[in-house]
Amino acid sequence: MKWCKRGYVLAAILALASATIQAADVTITVNGKVVAKPCTVSTTNATVDLGDLYSFSLMSAGAASAWHDVALELTNCPVGTSRVTASFSGAADSTGYYKKPGDRAKHPVRATG
C-alpha cells in the first residue's frame, strides 16, 4: 500500500513540475506584408515597328529614336488601379550597351530611363 501512495505522490509532483515548465512566457513574431495581386497581361503578342534606325544617328550619348506606342491589355487588376508601369530589360556587355544576338557589330543603344 505504501508503494501505491508513493506512486500517486510522485505522479502529482511530476504533474505540478511539468505545469510550471510549460507556463514559461513565449514570444512568437510573425512577419509579412499584404500586397495587391498584380494585373495579368492578356496580350499574347505585341509588335513595335521602329522603322529604319540608322546607327550613325544613335552614336552620341543620350541619342534616342522617336517614341513608339505599343498596346498591352491588362486584366484582373486590383480595384482602384489607375496607372501601371512596365519595364524591359536585355543583356548588356561590359560597356553598358545592349548586345545584339549573333555575330553582328554592337550598336550603342542604351536604356535612358
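The values are calculated or read from the model by the stated rules, or taken from the named source; none is laboratory data. For clarity, every value in this text was computed on a predicted model and none was experimentally measured. All Cβ positions, glycine included, derive from the backbone under ideal geometry; neighbour counts span all protein chains shown.
I'm trying to understand the selection: among the residues of region 31-56, which are of a type in the set (Ser, Thr, Tyr), touching a residue at least 24 places away in the same chain (Cβ under 8 Å) and more than 13 Å from Thr75 (Cα to Cα)?
Correct list: Ser55 only.
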Next on the checklist: One residue is enough: does region 27-40 have a residue meeting the conditions in contact with a strand residue (DSSP E or B) (Cβ under 6 Å, 6 or more places away or on another chain), of a type in the set (A, V, I, L, M, F, W, C), within 29 Å of Gly80 (Cα to Cα) and at pLDDT 75 or above?
Outcome noted: yes
Next on the checklist: For the list (1) acidic (Asp, Glu); (2) surrounded by 10 or more Cβ atoms within 10 Å (Cβ to Cβ); (3) at pLDDT below 85, I need the number of the one condition that Asp103 fails.
Outcome noted: (2)
Checklist entry - Among the residues of region 81-94, is there at least one that is loosely packed, with under 10 Cβ neighbours inside 10 Å, in a loop (DSSP other than H, G, I, E, B) and modelled with pLDDT of 85 or more? => result yes
Checklist entry - Does any residue of region 14-24 turn out to be in a loop (DSSP other than H, G, I, E, B) and either exposed (fewer than 10 other Cβ atoms within 10 Å of the Cβ) or modelled with pLDDT of 80 or more (or both)? => result yes
Checklist entry - Among the residues of region 67-76, is any at pLDDT 85 or above, surrounded by fewer than 10 Cβ atoms within 10 Å (Cβ to Cβ) and not in a loop (DSSP other than H, G, I, E, B)? => result yes
